[in-house]
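**Q** Would you mind keeping the following structure in view while I ask a few things?
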Amino acid sequence: MLTVELDRFAGEFATANRLHPTDLRALIALLDAARSGTEATPTWLANELGLGSAAITTVVDRLEDAGHVRRARDTPDRRRVRLVVSDEAIRMGWSFWGPLITDVVDRMRSFPENELDTIRRFLSEMTTAVLARHNAESPPSPPSGPVAEPR
């Protein structure tokens, strides 16, 4: 249910800011990178989103045209391009996502560290399972019979 609600919330953000779903994913990745100090390049972004070079060029072009991102030449290697999120995109992201992030962090503080470790491990394992299935060569077979609710 959480993923459904987060997806709905993201859809509202995308609609409010006239963003294509892929552009939204790219902008979130770029905002996260800016926040964490990760250097974002088109190649990095393509890997994050699982897109090819032509597709990522289109995404970056749209984000640049909308004023959310700019391409900046790397100082040591002028052939290399970094993607820099605009201050306006950061403000836009925080105005929408900031209250949710604040609420989530506040609720996380109510958990003892050992429980948070378990939650992190669970989320990591679930992410690994989803990525493994997504990257598998053949699609999964539908389950036979009724699907049991997780405990």
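**Q** Any idea what % of Cα-Cα pairs in region 19-81 are farther than 13 Å?
**A** Value for region 19-81: 62 percent of Cα pairs lie more than 13 Å apart.
**Q** If you don't mind, there's one more thing I want to ask. Mind ranking 66-76, 40-50 by how tightly packed they are, going by the mean number of other C-beta atoms within 10 angstrom, highest first?
**A** With the highest mean Cβ count within 10 Å placed first, the list reads 40-50, 66-76.
**Q** Against the longest principal axis of the chain, how steep is helix 113-135, in degrees 0 to 90 to the nearest 10, with axes from Cα atoms?
**A** 80
**Q** Compute the distance in nm between two label points, each set 7 Å from the Cα along the Cα-to-Cβ direction, one at Val4 and one at Ala72.
**A** So the label points at Val4 and Ala72 sit 4.2 nm apart.
**Q** With axes computed from alpha carbons, what is the tilt in degrees of helix 21-36 against the longest principal axis of the chain, rounded to the nearest 10 within 0 to 90?
**A** Computed tilt is about 80 degrees.
**Q** Now, a different point. Relative to the longest principal Cα axis of the chain, at what angle does helix 53-65 sit, 0 to 90 degrees, rounded to 10?
**A** 70
**Q** Moving on. Ranking request for peptides 86-95, 117-126: highest mean number of other beta-carbon atoms within 10 Å first, then the rest in descending order.
**A** 86-95, 117-126
**Q** What ranking, highest mean first, results for peptides 102-111, 5-14 when packing means the other Cβ atoms within 10 Å averaged over each residue?
**A** Listed from highest to lowest mean packing, they are 5-14, 102-111.
**Q** Report, in deg cm²/dmol and to the nearest 500, the calculated mean residue ellipticity at 222 nm for the chain, where each DSSP H run with n ≥ 4 adds -39500 (n - 2.57) and the sum is divided by the residue count.
**A** -21500 deg cm²/dmol
**Q** Take the Cα radius of gyration of region 2-134 and divide it by 2.2 N^0.38 Å, with N its residue count; two decimals is plenty.
**A** This ratio for region 2-134 stands at 1.17.
Every read-out reported here was derived from the displayed coordinates using simple, explicitly stated rules and does not represent laboratory data. Please read all numbers here as calculations on a predicted model, not as lab measurements. Positions of Cβ are backbone-derived with ideal geometry, glycine not excepted, and every protein chain shown enters the neighbour counts.
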